[in-house]
1. May I ask you to list the residues in the range 140-174 that are of a type in the set (Val, Ile, Thr) and modelled with pLDDT under 85?
2. Mind listing whichever residues of the range 37-64 are touching a residue at least 12 places away in the same chain (Cβ under 8 Å) and closer than 18 Å to Glu161 by Cβ?
3. Any idea which residue in the range 76-106 is modelled with the highest pLDDT, counting only those that are over 13 Å from Phe150 (Cβ atoms), in contact with a helix residue (DSSP H, G or I) (Cβ under 7 Å, 6 or more places away or on another chain) and not charged (D, E, K, R)?
4. Report whether or not Leu64 is out of contact with any Phe, Trp or Tyr (no Cβ under 9 Å at 6 or more places or on another chain) and of a type outside the set (S, T, N, Q).
5. Find the residue count for the range 4-35, including only residues that are open to solvent by 30 Å² or more (accessible area, probe 1.4 Å), of a type outside the set (Phe, Trp, Tyr), closer than 23 Å to Ser66 by Cβ and within 23 Å of the chain's Cα centre (by Cα).
6. Taking the range 42-72 as the search range and keeping residues that are in contact with a helix residue (DSSP H, G or I) (Cβ under 6 Å, 6 or more places away or on another chain), of a type outside the set (D, E, K, R) and not in a strand (DSSP E or B), which one is least open to solvent (accessible area, probe 1.4 Å)?
7. Just to check your reading of the model, which residue among Val120, Val137, Val114 is modelled with pLDDT of 90 or more and among the aliphatic types (A, V, I, L, M)?
8. Condition first: surrounded by fewer than 18 Cβ atoms within 10 Å (Cβ to Cβ) and in a helix (DSSP H, G or I). Now tell me which residues in the range 99-117 satisfy that.
Amino acid sequence: MNTLQATLEAILFAAGDAVTIARLAQSADAKPDEVEAALSSLADSYDFDQRGIMLVRMEDKAQLCSRPVYAAAVRKAVESRKPPQLSPAALEVLTIVAYRQPVTRAYIEQLRGVDSGGTVASLAEKGLIAEAGRLDVPGRPILFRTTDAFLRTFSISSLAELPELPELTEGEQLQLSAGEEQSE
């Protein structure tokens, strides 16, 4: 391990949270491309040795985390409870936010067809979504986006890793609606 790798490891360990590449470069007196290379080498080393920690990348940030395989042991050691599972409604809202962000609560409710205020508040409380400003229309509704905690929770480094949604044409949607009306 070279000095830059050791420096980055120390910074990420002490930070305990995701740190931007720019901040790492500034703190370590290095160029961003040098930091990128050192982080890649660190991640490879942790993976090759199957260490208890791993380097997680989230867009332009990096963070040291424990490996998911050791989650049960870590939970016992720090006496934290197993995080609650997300309800189907929460997953639905999270999907809408992830794929269409930034979105308003009204947009979410329009797509779902039900009040989603409680679900949106719950996801924000869990840190999976956060405010991303306000829409420039009367009433200035809050816009929501996903967070780094969302990326960590779903083990992805960027939104680009989300699977593509199947394309639906307007005709298919109308056809589904007509079929539902006939079956009632």
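1. Those that are of a type in the set (Val, Ile, Thr) and modelled with pLDDT under 85: Thr153, Ile156, Thr169.
2. Within the range 37-64, Leu39, Ala43, Met54, Leu55, Val56, Arg57, Met58, Glu59, Asp60, Lys61, Ala62, Gln63 meet the criteria.
3. Val103
4. no
5. Of the residues in that region, 8 qualify.
6. Leu42
7. Within the list Val120, Val137, Val114, the selection yields Val120.
8. Matches in the range 99-117: Tyr99, Arg100, Ala106, Glu109, Gln110, Leu111, Arg112, Gly117.
The values are calculated or read from the model by the stated rules, or taken from the named source; none is laboratory data. These numbers come from a predicted model, not from an experiment. Glycine gets a Cβ as well: all are built from the backbone with ideal geometry, and neighbour counts include every protein chain shown. Heads up: the accessible areas ignore ligands, DNA and RNA and are worked out on the full protein's heavy atoms, side chains in. Shrake-Rupley method; radii C 1.70, N 1.55, O 1.52, S 1.80 Å.
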